[in-house]
Amino acid sequence: MAHDFADWKWQIANRISTREELEEHIDLTDDERSAFEGAMPLSFAVTPHYAQLLGHQALRHTVIPTLHENQTGTGELADPLGEEEHRATPHLIHTYPDKVLFLVTTFCSTYCRYCTRSRMVGKPVDLEGRTPSCPGLPTKRTGQSPSLQKYEETFHYIEEHPEIRDVLISGGDPLTMPDSVLDELLSRIREIAHVRMVRIGSKVPVVLPMRITDELCSILRKHRVWLSLHFIHAAELSPETQEACRKLSDYGIGMVSQTVLLKGINDDTQTLVDLFYGLLEINVKPYYLLQCDPVRGSEHFRTSVEKGIKLIRSLHGNISGLAVPQYVIDAPGGGGKVPLLGTEQIRRDGDDIVFLNYKGKEYRYPDPLQ
Ligand SMILES: *Cc1c(COP(=O)(O)O)cnc(C)c1O
């Protein structure tokens with residue numbers, strides 16, 4: 001193993017991004033091999049760290065392409081969340097009243113095959129029509145060091161909209177950007193007085209845990225950033241990932257998780273319980289269990305909503321309430337995230353609300369009609 005395996009910049013510079021490189025780590029099936037030959041709808045890349053975990057079948061299916069990706073299932077779209085209609089600036093999606101999604105990069109160290117933004121991530125052309133790179137890094141695909149110039153229109157928009165209280169920085173993966181850029185970006189956002197909450201959406205602690213250095217943690221702490229982390233399976237909780245999350249926690253960084261419900265990968269009670277308890281043990285609060293967005297080429301990943309509701313019900317009451325995330329559908333066309341509770345289990349009977357508890361037993365709550 002290379003001595004710089006523990007260096008995140010080495011990990012990015014040495015990403016596995018071709019079939020030949022991948023085959024040095026893992027034997028591919030015929031289907032997987034063929035997928036590399038066609039026009040893949042989404043780039044392929046995996047960090048050497050995450051490649052070590054691909055012996056686990058669940059993880060393998062989330063990052064290695066298959067021919068299924070070339071099929072468009074019923075109702076699938078390139079932009080399932082209608083983000084383009086809510087694009088306020090080249091880098092900003094403004095769907096909800098008081099929060100915005102700030103897309104700072106189209107680069108990820110590792111690409112998830114069910115990515116809801118596959119239309120833009122890992123593309124040869126980025127949000128401004130330029131060749132993207134992981135900014136400022138000494139890699140074979142590096143570009144010039146970026147300035148914040150390209151975000152000026154976005155900063156201006158946030159400044160002009162005092163109703164914006166929560167800025168969610170995402171992409172691509174923002175934590176693949178260098179410390180100096182993140183520090184400047186966060187400082188600039190924190191200068192805007194009406195912004196009360198800043199979050200970063202990332203999978204870096206999972207796919208690139210060595211990125212979580214003391215310097216990065218200090219920057220995140222300085223700007224009081226919350227992290228919204230993407231986890232799909234307990235097999236991702238490697239010793240390095242656990243250490244990264246514990247370090248973030250020691251620095252006082254609040255962390256929540258988002259998990260996409262994936263067929264055959266995590267759509268059973270035991271797998272979800274193992275993941276959610278594993279997350280609590282490293283101070284990450286399970287936040288959302290997301291129904292898989294109908295993004296083009298993702299049908300093979302989708303579990304039915306009925307099954308999703310059954311799964312989330314099998315958690316409520318049976319395990320620690322802290323371990324239970326909210327099950328949501330992000331409404332296609334830009335309707336936003338909608339919690340699915342299985343509301344058919346609640347009805348009114350005169351002055352009572354009647355509902356079932358986690359064991360399926362009926363209970364009444366007095367709630368007189370006025
Ligand atoms: C998910 C999302 C947010 C954040 O939503 P929360 O429910 O507050 O986590 C903000 N903007 C967009 C466009 C989103 O998709």
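The values are calculated or read from the model by the stated rules, or taken from the named source; none is laboratory data. The shown structure was predicted, so the numbers you read here are calculated from the model rather than taken from an experiment. Please note: Cβ atoms are built from the backbone with ideal geometry, for glycine as well, and neighbour counts cover all protein chains shown.
Return the pair list, or none, for Cβ contacts closer than 7 Å from residues in region 71-95 that are modelled with pLDDT under 95 and assigned to a loop (DSSP other than H, G, I, E, B) to residues that are within 11 Å of the ligand (Cβ to nearest atom) and polar (S, T, N, Q), at least 6 apart or on different chains.
Pro80/Thr116; Leu81/Thr116
Rundown of residues vs (1) within 14 Å of the ligand (Cβ to nearest atom); (2) without any contact (Cβ under 8 Å) to a residue 24 or more places away in the chain; (3) surrounded by fewer than 20 Cβ atoms within 10 Å (Cβ to Cβ), yes/no style:
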{"position": "Ile164", "(1), (2), (3)": "yes, no, no"}
{"position": "Val181", "(1), (2), (3)": "no, no, yes"}
{"position": "Leu186", "(1), (2), (3)": "no, no, no"}
{"position": "Met197", "(1), (2), (3)": "yes, no, yes"}
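I'd like the residue in region 61-70 that is surrounded by fewer than 18 Cβ atoms within 10 Å (Cβ to Cβ) and not in a loop (DSSP other than H, G, I, E, B) and, out of all such residues, is farthest from the ligand (Cβ to nearest atom).
Per the criteria, the residue is Leu67.
Looking at Leu322 and the list (1) farther than 16 Å from Val260 by Cα; (2) at pLDDT below 95; (3) touching a Lys or Arg at 6+ places or on another chain (Cβ under 8 Å), which single condition is not satisfied?
Here Leu322 meets the rest and fails (2).
Select from region 89-105 the residues that are more than 6 Å from the ligand (Cβ to nearest atom), buried (at least 21 other Cβ atoms within 10 Å of the Cβ) and over 12 Å from His161 (Cα atoms) and list them in ascending order.
In the first step, residues of region 89-105 are kept if they are more than 6 Å from the ligand (Cβ to nearest atom); the result is 89-92, 94, 97-98, 100, 102-105.
Add one more test, that the residue is buried (at least 21 other Cβ atoms within 10 Å of the Cβ), and what stays is 91-92, 100, 102-105.
Residues satisfying the conditions are His91, Leu92, Phe102, Leu103, Val104, Thr105.
Would it be correct to say that Ile158 is at pLDDT 95 or above, surrounded by 15 or more Cβ atoms within 10 Å (Cβ to Cβ), within 16 Å of the ligand (Cβ to nearest atom) and assigned to a loop (DSSP other than H, G, I, E, B)? Step through it out loud before you land on a result.
Values: at pLDDT 95 or above: yes; surrounded by 15 or more Cβ atoms within 10 Å (Cβ to Cβ): yes; within 16 Å of the ligand (Cβ to nearest atom): yes; assigned to a loop (DSSP other than H, G, I, E, B): no.
No.
Looking only at region 237-291, count every residue that is charged (D, E, K, R) and within 16 Å of the ligand (Cβ to nearest atom) and tell me the total. Spell out how you get there, then give the answer.
Within region 237-291, the first condition is being charged (D, E, K, R), and the residues that meet it are 240, 243, 246-247, 250, 263, 267-268, 274, 281, 285.
Filter once more, so that each one left must be within 16 Å of the ligand (Cβ to nearest atom): 285.
Number satisfying all stated conditions: 1.
Of (1) at pLDDT 95 or above; (2) crowded, with 19+ Cβ neighbours inside 10 Å; (3) within 16 Å of the ligand (Cβ to nearest atom), Gly171 satisfies all except one. Which?
The failed condition is (1).
Test Leu54 against the criterion of being within 22 Å of the chain's Cα centre (by Cα) and more than 16 Å from the ligand (Cβ to nearest atom), and give yes or no.
Values: within 22 Å of the chain's Cα centre (by Cα): yes; more than 16 Å from the ligand (Cβ to nearest atom): yes.
The answer is yes for Leu54.
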